[in-house]
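Scroll down for the structure; my scribbles are underneath it.
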Amino acid sequence: MALLDIKGLRLAMTSFDGETEVLKGIDLTIPQGAIAGVVGETGSGKSLTGLSVSRLVPTPPGRYLGGRILFDGHDMLAASEEEMRALRGTRISMIFQDPTTNLNPAFRISTQMVDAALAVASRDPDILSLPATARRRQKRAVARQLAIEMLGRVGIVDPAQRIDAYPHQFSGGMRQRVLIAMALIGRPKLLIADEPTTALDVSVQAQVLALIHSFVVDRGLTVMFITHNLGVVAQICNEVAVMRQGEIVEAGPVAKVLTSPAHAYTRALMASVPTREMKRGDLSFSVDPVEAAV
């Protein structure tokens, strides 16, 4: 059964030069418990597709021209803002691409994570496993312990001490891990991960991918994994959709798409991945305009 089903999604953005259609009929289905990769070059519409699922695209300047986004059978584009707020962080979570701009530098990590846990618990009390009559001080204490536990799970060393640090006292990779912990703290059904491993070194990247996979196995988490890294897609994803200029040009099981790409753009992406056998100057990225239009 599909947890997320995007049908004919069209989005236009307005600038000083006028209105431009940036998503041109996106069709994407992600089954329950699957990890679906969305790949493509910068500007192809990957992040806008992910942001549209949780209705985080500002309107204006954005304007949806058509289509539906069905999450667990409910149309996100028809939902009220109040309904969307109830879904965000609880049933749908998002890991944003840039940890520098998504953590408040004026507040400690503990404050931001505890506030996130309490916000989620206000809609789903089972997160803290406390009765509704529990005092606020007790809720904050349990939320802090949950935050420490999540920091440990994403690989922060000595999380009980580091949780009281400010974001500037963490490296870029550590800040990214904090965002991942905050996204998973509400036990969502759908996780939209927008290039969550970009700022991480190879060893930490493997740890984070293993963590996400463990949530998929243990809790039935469904993941929309937005990335430009085909190696990560091959490692963790079941399905993959290839985007180019606001359209999905090819989609299917990872093994099929990556071993026998049918579209010229997919083949060009595959050819742009460097290998040990390549000589200097051999790497190229070009798509025949006639072939790409097929």
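Numbers at a glance
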{"read-out": "Condition check for R187: surrounded by fewer than 23 Cβ atoms within 10 Å (Cβ to Cβ), of a type in the set (D, E, K, R), assigned to a helix (DSSP H, G or I) and more than 13 Å from the chain's Cα centre (by Cα)", "value": "no"}
{"read-out": "Among (1) surrounded by fewer than 22 Cβ atoms within 10 Å (Cβ to Cβ); (2) modelled with pLDDT under 90, the one test that L48 misses", "value": "(2)"}
{"read-out": "Hits in region 80-99 - residues which are assigned to a helix (DSSP H, G or I) and either loosely packed, with under 14 Cβ neighbours inside 10 Å or at pLDDT 90 or above (or both)", "value": "E81, E82, E83, M84"}
{"read-out": "Number of positions in region 110-145 that are over 24 Å from L51 (Cα atoms) and either among the small types (G, A, S) or in contact with a Pro (Cβ under 7 Å, 6 or more places away or on another chain) (or both)", "value": "6"}
{"read-out": "Pairs where the first residue, in region 205-220, is surrounded by fewer than 18 Cβ atoms within 10 Å (Cβ to Cβ) and the second is among the polar types (S, T, N, Q), C-beta under 7 Å, 6+ apart", "value": "G220/Q32"}
{"read-out": "Residue list for region 2-36, filter: more than 19 Å from P253 (Cβ to Cβ), under 21 Å from the mean Cα position of the chain (by Cα) and not aliphatic (A, V, I, L, M)", "value": "K7, G8, R10, K24, G25"}
{"read-out": "Cβ-Cβ under 9 Å pairs, at least 6 apart or on other chains, region 119-148 side among the basic types (K, R), far side surrounded by 19 or more Cβ atoms within 10 Å (Cβ to Cβ) and part of a loop (DSSP other than H, G, I, E, B)", "value": "R123/G89; R123/T90; R123/G186; K139/L128; R144/I163"}
{"read-out": "Matching entry among L51, L4, L70, L77 (being closer than 15 Å to R91 by Cα and outside any strand (DSSP E or B))", "value": "L51"}
{"read-out": "Scope region 20-40; condition in contact with a Lys or Arg (Cβ under 7 Å, 6 or more places away or on another chain) and farther than 21 Å from L269 by Cβ; matching residues", "value": "E21"}
{"read-out": "Filter result (among the hydroxyl-bearing types (S, T, Y) and in contact (Cβ under 8 Å) with a residue 60 or more places away in the chain) within region 149-172", "value": "Y166"}
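The values are calculated or read from the model by the stated rules, or taken from the named source; none is laboratory data. Please read all numbers here as calculations on a predicted model, not as lab measurements. As a convention, Cβ positions derive from the backbone with ideal geometry for all residues, glycine included, and neighbour counts pool all protein chains shown.
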